[in-house]
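Visitor: My structure is below; once you've seen it, I'll send some questions.
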Amino acid sequence: MKIDDRTEALVRTVLDAVVHRNPAGFEKSVSDLEGKVGLRAGIELAAAICAFVLFDVYEGLPSEEQIVDLAVDMERQEQWMAPDRGEIGSYVRALVHRQPLEGALTEEGVVVIPWLVAANLLTTASQPEQGEWWFNYLDKVEAAIEAAG
């Protein structure tokens with residue numbers, strides 16, 4: 001997947017708002033993304049990031065039990081966005097089984113869940129104590145996505 005520079009920059013802004021739990025920044029950055037490159041382009045990149053990090057963290061595809069645990073943890077950790085664990089689980093299952101995202105998310109969820117899951121996975125999988133912050137890990141993830149074609 002070739003990552004468009006404009007889309008990448010806007011997606012990073014959305015992810016930064018989620019990582020810093022900034023609702024106003026999140027709304028503005030999603031609006032900017034939608035107006036400049038389109039929401040779909042950003043969601044596609046966010047989904048690719050999620051899929052890569054899931055595969056990396058679980059050293060392959062996560063099991064159903066791991067997906068349920070992940071959804072429960074994210075719902076608890078990200079209460080500021082009031083996500084639904086069922087919708088998080090549906091999204092992750094769709095990524096894992098390479099199914100269309102349209103059926104996995106509600107209209108509201110499609111604007112929230114891809115960013116929430118990507119940001120949460122990036123911050124959880126990065127290791128700041130070893131000097132690897134989420135944005136450094138994201139650099140590696142994006143390089144791997146582009147290398148994979």
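The values are calculated or read from the model by the stated rules, or taken from the named source; none is laboratory data. Here the structure is a predicted model, which is why all the values come from computation and not from measurement. In this analysis, Cβ positions are derived from the backbone assuming ideal geometry, glycine residues included, and neighbour counts consider all displayed protein chains. SASA here: full protein model, heavy atoms, side chains in, ligands and nucleic acids out. Shrake-Rupley method; radii C 1.70, N 1.55, O 1.52, S 1.80 Å.
Visitor: Filter the range 72-87 down to residues that are open to solvent by less than 70 Å² (accessible area, probe 1.4 Å) and not in a helix (DSSP H, G or I) and give me whichever is nearest to Leu105 (Cα to Cα).
Guide: Only one residue fits best here, namely Pro83.
Visitor: Still on this structure: Of the residues that sit in the range 35-71 and are within 17 Å of Glu102 (Cβ to Cβ) and among the charged types (D, E, K, R), which one is surrounded by the fewest Cβ atoms within 10 Å (Cβ to Cβ)?
Guide: Of everything passing the filter in the range 35-71, Arg40 is surrounded by the fewest Cβ atoms within 10 Å (Cβ to Cβ).
Visitor: Check whether at least one residue in the range 57-70 is closer than 24 Å to Lys2 by Cβ, of a type in the set (D, E, K, R) and in a helix (DSSP H, G or I), and report yes or no.
Guide: Within the range 57-70 (the criterion being closer than 24 Å to Lys2 by Cβ, of a type in the set (D, E, K, R) and in a helix (DSSP H, G or I)), the answer is no, since none of the residues qualifies.
Visitor: Ok, one more. More than 22 Å from Tyr137 (Cβ to Cβ) and not hydroxyl-bearing (Ser, Thr, Tyr): which single residue out of Arg85, Arg21 fits that description?
Guide: Being more than 22 Å from Tyr137 (Cβ to Cβ) and not hydroxyl-bearing (Ser, Thr, Tyr) holds for just one of Arg85, Arg21, which is Arg85.
Visitor: Please specify each residue of the range 1-18 satisfying the condition of being in a helix (DSSP H, G or I), out of contact with any Gly (no Cβ under 7 Å at 6 or more places or on another chain) and surrounded by fewer than 20 Cβ atoms within 10 Å (Cβ to Cβ).
Guide: Residues satisfying the conditions are Asp5, Arg6, Glu8, Ala9, Arg12, Thr13, Asp16.
Visitor: Does any residue in the range 83-100 that is charged (D, E, K, R) come within less than 6 Å, Cβ to Cβ, of a residue that is surrounded by fewer than 15 Cβ atoms within 10 Å (Cβ to Cβ) and part of a helix (DSSP H, G or I) six or more places away or on a different chain, and which pairs are these?
Guide: Arg85/Val72
Visitor: Also: For the range 100-138, which residues satisfy the criterion of being part of a loop (DSSP other than H, G, I, E, B) and surrounded by fewer than 16 Cβ atoms within 10 Å (Cβ to Cβ)?
Guide: Those that are part of a loop (DSSP other than H, G, I, E, B) and surrounded by fewer than 16 Cβ atoms within 10 Å (Cβ to Cβ): Pro100, Glu102, Gly103, Thr106, Glu107, Glu108, Gly131, Trp133.
Visitor: I need every pair where a residue in the range 1-12 that is free of Cβ contacts under 8 Å to residues at least 12 places away in the same chain has its Cβ under 7 Å from the Cβ of a residue that is surrounded by 13 or more Cβ atoms within 10 Å (Cβ to Cβ) and of a type in the set (Asp, Glu), sequence separation at least 6 or different chains.
Guide: Close Cβ pairs (under 7 Å, with a partner that is surrounded by 13 or more Cβ atoms within 10 Å (Cβ to Cβ) and of a type in the set (Asp, Glu)) do not exist here.
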